[in-house]
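Step one of this worksheet: look at the structure below.
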Amino acid sequence: MSKIDEFEDLAEKVTLKKITRRNLDAVLKLKVKPKQEGLVATNAKSIAQAHFYREAWYRAIYLDDTPIGFVLLVDRTLKYKRIKQKNPALYLWRLMIDEKYQGKGYGRKAVELVINHLKTRPNAKEVTLHHEQTKGNAGEFYERLGFKLTGKILHNELERKLIL
């Protein structure tokens with residue numbers, strides 16, 4: 001089986017699911033590699049922060065029936081009943097794949113699912129994200145997905161943007 005065939009097989013295996021009381025513990029147990037711990041917040045912190053923002057949209061990343069990661073977005077269309085903005089802020093706030101599942105294409109597939117979701121949002125034109133500048137950051141990963149550097153830096157993190 002070629003790498004392309006393997007990646008296409010992921011389309012049916014990788015999904016995004018709501019986090020509920022039934023799967024919360026499994027999502028909280030997910031962790032990145034020890035050398036990545038300073039690069040992304042824990043899922044516990046991310047879920048706690050999300051509860052303070054109406055515009056937060058978060059999901060567990062699943063491989064078949066197994067949670068393997070977490071994604072958190074800022075979607076201003078969730079905050080306002082009527083969208084007045086012509087280009088609402090869409091922001092990929094957090095993404096993590098458990099250490100056992102990294103390097104297998106699951107993160108890429110999860111981001112593609114997120115992008116497909118964002119394209120359904122009212123007036124969606126672009127999505128931004130920030131990542132650390134330190135060694136081992138996710139910059140190359142996001143570059144391969146089409147996110148381009150904007151030249152802006154926020155809290156010592158590089159900004160990237162993807163036109164939807």
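Every Cα-Cα pair in segment 22-83 was counted, and those over 19 Å apart are 38% of them. Helical runs assigned H by DSSP (4 residues or longer) give the chain a calculated mean residue ellipticity at 222 nm of -7500 deg cm²/dmol, each run adding -39500 (n - 2.57) before division by the residue total.
Modelled spin labels at Lys29 and Asp65, positioned 7 Å past Cα toward Cβ, are 1.5 nm from each other. At an R0 of 25 angstrom, the distance between the Cβ atoms of Lys45 and Lys100 translates into a FRET efficiency of 0.75. Remark on Gly69: its backbone amide H falls under 5 Å from those of Ile61, Asp98, a criterion applied only to residues 5 or more positions apart or on other chains, H modelled at 1.01 Å from N.
On a C-alpha basis, how far is the centre of segment 31-69 from the centre of segment 98-164 in Å? Whole number, if you could? Their Cα centres are 15 Å away from one another.
Considered as an equivalent ellipsoid built on the Cα gyration tensor, segment 3-163 has semi-axes of 23, 19, 17 Å, the largest given first.
Read the figures in this text as sums done on the coordinates, not as results from a lab. It should be emphasised that the depicted structure is a prediction, and the values quoted were computed from it without experimental measurement. Cβ sites come from the backbone with ideal geometry, for glycine too, and all protein chains shown count toward neighbours.
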